[in-house]
């Protein structure tokens with residue numbers, strides 16, 4: 001896929017109104033990712049780099065991990081989409097992240113933001129506030145992170161609270177729905193909220209995806225790698241379909257992996273195998289409901 005073509009797909013998805021049409025879009029996105037092997041660089045949590053890269057490869061993308069300011073700026077133009085995860089911030093990220101976000105905007109590259117740990121420390125808060133003027137195409141996070149980001153950006157989240165406690169969710173996915181819809185409308189993209197029953201919205205159209213496994217909560221990097229895979233699909237399709245396709249793929253692969261796993265270690269390996277083996281049709285057929 002030629003560089004920059006993915007931005008053609010960034011629009012409100014008013015034409016996607018029914019279950020069957022959404023499934024067709026998912027199938028097309030998975031096919032294109034496997035055929036094109038899009039380069040999708042990441043600035044991500046140092047604890048989870050390996051799983052992020054391996055999951056991107058399993059989904060059909062090509063991974064590259066970035067740290068330094070000039071690297072982020074340069075590879076933003078070379079990649080077809082980008083993933084920024086706030087999990088483990090380094091001091092030099094104060095320069096790397098804004099420069100990268102500006103380069104992504106300049107070169108019209110879509111990108112995914114995972115606001116991990118929002119509310120912890122001044123650097124993290126300042127960088128996330130900076131992204132308000134350089135908005136991502138997709139935001140992915142747990143319920144508490146989505147609520148906190150909406151509040152930080154001055155949007156109507158439906159929950160009056162600043163920050164989160166640690167990196168784990170203390171709110172339900174349904175509680176975060178108003179915040180997710182407000183964020184999606186603000187960025188003119190999509191928001192995915194991870195939880196027991198995942199939610200994906202473009203601000204107007206909202207979908208709940210079923211499946212997955214409780215073992216996702218017993219390994220490090222399930223959410224981070226989901227953001228990375230979302231960016232792979234974002235190189236090929238619209239923000240809403242990219243976010244939903246990634247969630248569908250994870251829920252399908254997680255369900256399959258849990259059947260044969262003996263614990264977290266074997267689950268990780270089985271999950272990557274299942275993600276790699278998942279066909280476009282099976283990903284699209286994973287149960288989801290248009291709300």
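Quick check on residue 184: is it under 17 Å from residue 243 (Cα atoms), modelled with pLDDT of 95 or more, in contact with a helix residue (DSSP H, G or I) (Cβ under 9 Å, 6 or more places away or on another chain) and part of a helix (DSSP H, G or I)? Steps first, answer last, please.
On the way: under 17 Å from residue 243 (Cα atoms): yes; modelled with pLDDT of 95 or more: yes; in contact with a helix residue (DSSP H, G or I) (Cβ under 9 Å, 6 or more places away or on another chain): yes; part of a helix (DSSP H, G or I): yes.
Here the answer is yes, as residue 184 does meet what is asked.
Which ranges mark the helices (runs of 4 or more DSSP H) fully within segment 229-291 that have 3 or more residues being surrounded by fewer than 24 Cβ atoms within 10 Å (Cβ to Cβ), at positive phi and at pLDDT 95 or above? Let's see the steps before the verdict.
Working: elements: 239-260, 264-277, 280-285.
Passing ranges: none, list empty.
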Notebook entry, point to check: Take the residues of segment 79-94 that are touching a residue at least 40 places away in the same chain (Cβ under 8 Å) and not in a loop (DSSP other than H, G, I, E, B): which is surrounded by the most Cβ atoms within 10 Å (Cβ to Cβ)?
Noted result: 83
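May I ask you to verify whether residue 53 is over 16 Å from residue 242 (Cβ atoms), modelled with pLDDT of 90 or more and not in a helix (DSSP H, G or I)? Step through it out loud before you land on a result.
Values: over 16 Å from residue 242 (Cβ atoms): yes; modelled with pLDDT of 90 or more: yes; not in a helix (DSSP H, G or I): no.
In short, no.
Please verify whether residue 109 is surrounded by 21 or more Cβ atoms within 10 Å (Cβ to Cβ), in contact with a helix residue (DSSP H, G or I) (Cβ under 8 Å, 6 or more places away or on another chain), over 27 Å from residue 271 (Cα atoms) and touching a residue at least 60 places away in the same chain (Cβ under 8 Å), treating the condition exactly as stated.
Values: surrounded by 21 or more Cβ atoms within 10 Å (Cβ to Cβ): yes; in contact with a helix residue (DSSP H, G or I) (Cβ under 8 Å, 6 or more places away or on another chain): yes; over 27 Å from residue 271 (Cα atoms): yes; touching a residue at least 60 places away in the same chain (Cβ under 8 Å): yes.
Spelling it out, residue 109 is indeed surrounded by 21 or more Cβ atoms within 10 Å (Cβ to Cβ), in contact with a helix residue (DSSP H, G or I) (Cβ under 8 Å, 6 or more places away or on another chain), over 27 Å from residue 271 (Cα atoms) and touching a residue at least 60 places away in the same chain (Cβ under 8 Å).
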Margin query: Where the second residue is assigned to a helix (DSSP H, G or I) and modelled with pLDDT of 95 or more and the first is on the phi < 0 side of the Ramachandran plot and surrounded by fewer than 20 Cβ atoms within 10 Å (Cβ to Cβ) and lies in segment 24-49, which pairs have Cβ atoms under 7 Å and are six or more apart or on separate chains?
Written below: 27/280; 27/281; 27/284; 31/280
Margin query: Show the residue pairs meeting these rules: Cβ distance below 7 Å; 6+ apart or different chains; first residue within segment 136-162 and on the phi > 0 side of the Ramachandran plot; second residue surrounded by fewer than 21 Cβ atoms within 10 Å (Cβ to Cβ) and at pLDDT 95 or above.
Written below: 158/178
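The values are calculated or read from the model by the stated rules, or taken from the named source; none is laboratory data. Because the structure is predicted, anything quoted here is derived from the model rather than measured. Methodologically, a virtual Cβ is constructed for each residue, glycine included, from the backbone with ideal geometry; neighbour enumeration extends over all protein chains shown.
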